[in-house]
Amino acid sequence: MVVTQAPSVLTDEELRLFQGLFKQHIGLHLSREKKALLASRLAKRIGELELDSFRDYHRLIVGDHAEAQAERQRAIDLITTNETYFFREKKHFDFLRSQVLPRHAHARPFNVWSAASSSGEEAYSIAMLLDDVLGESPWSIFGSDISQRILAKARRALYPMVRCEQVPPEYLKRYCLRGQGEYTGQLLVSRALRERVTFNQLNLTALPARLGPFDAVFLRNVIIYFDAPTKIEVVKAVTRHLRPGGYLFVGHSESLHGMPLELETIAPSIYRKPP
């Protein structure tokens, strides 16, 4: 593949074009402070396509034909942030173990939605916990993300060991396989656990009518990328798929304070839908 010189400057006008595009399609709010990030993540791809400017790339991905849609998805994959690791924000897992699971009626499945699952570490962390605590009782985990590229990584379930530092040692032995040879320094989630978790692409700003219901939803470290009206819209949409009495977890740096939502605050970043 011949790669031409990528454009080095993203103008303010071009930034506005991409701001509008990403807001329209995935609800992402790109502030002006993200200008350098946007330029760095798209520049290489623009060079690969032998385009002369960011405007040319915007023109390519703005349409509704198949080629535009495919390339737009690639742009979404490039611009969305996917920083995560196993058992991130441990207090949520402790709360799930001590406060939520003991009250679950084991006669029916306990269903969890990892709504911004990224490369899958969150979903598999929940899976380890559910398998450990619920034993033979039925449970399911559904993971979703906007990025097809990152979902492919989630399904593969192969991770650098550095992302696994928070996994309890007994879980490492029970649910994980250490890589050897070319996979040294990596970890593979066991097949038995992988088969209990499903992943699919979902846009949080355009959720399907039929989804769930879920006993717990992890919507963590994603609403910070939306503007205020979109945050409210997304949380309301997600909450509709939460079972009455179910729990919503958001990131520790996020808050739903002041939003017109039918949720009870249980603890910082933990909310409950009234029974």
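None of the figures in this text is laboratory data; all of them are computed from the coordinates on show. Keep in mind it's a predicted model, so treat the numbers as computed, not measured. Here Cβ is always computed from backbone atoms with ideal geometry, including for glycine, and neighbour counts include all displayed protein chains.
Structure above, values below:
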{"quantity": "Ranking of 77, 132 by count of other Cβ atoms within 10 Å, fewest first", "calculated": "132, 77"}
{"quantity": "Principal semi-axes in Å for the range 12-79 [√(5λ), Cα gyration tensor, largest first]", "calculated": "17, 15, 10"}
{"quantity": "Where chymotrypsin sites (Phe, Trp or Tyr not before Pro) fall in DSSP loop in the range 190-275, at most 10 other Cβ within 10 Å", "calculated": "none"}
{"quantity": "Modelled FRET efficiency - R0 30 Å, residue 13 with residue 237, Cβ distances, 0.05 increments", "calculated": "0.40"}
{"quantity": "Sites matching trypsin sites (Lys or Arg not before Pro) across the range 176-266 that sit in DSSP coil, with at most 11 neighbouring C-beta atoms within 10 Å", "calculated": "210"}
{"quantity": "Relative contact order %, the range 12-79, counting alpha carbon pairs below 8 Å whose residues are six or more apart", "calculated": "27 percent"}
{"quantity": "Directionally averaged shadow of the chain, computed from the convex hull of its alpha-carbon atoms, nm²", "calculated": "16.4 nm²"}
{"quantity": "Lysines whose Cα lies under 26 Å from that of residue 23, excluding same-chain neighbours fewer than 8 positions away", "calculated": "34, 35, 44, 153, 231, 236"}
{"quantity": "Amide H partners (placed H, <5 Å) of residue 202, local residues excluded", "calculated": "145, 146"}
{"quantity": "Extension gain, residue 211 back to residue 50 (0.36 nm per residue minus Cα-Cα distance, nm)", "calculated": "53.8 nm"}
{"quantity": "Cut-off of 10 Å, at most 14 other beta carbons, DSSP loop: longest stretch of the chain lacking such GluC sites (Glu not before Pro)", "calculated": "196-261"}
{"quantity": "Residue order, fewest to most beta carbons within 10 Å, for 112, 189", "calculated": "189, 112"}
{"quantity": "Sorted by Cβ density within 10 Å, fewest first, the residues 128, 259", "calculated": "259, 128"}
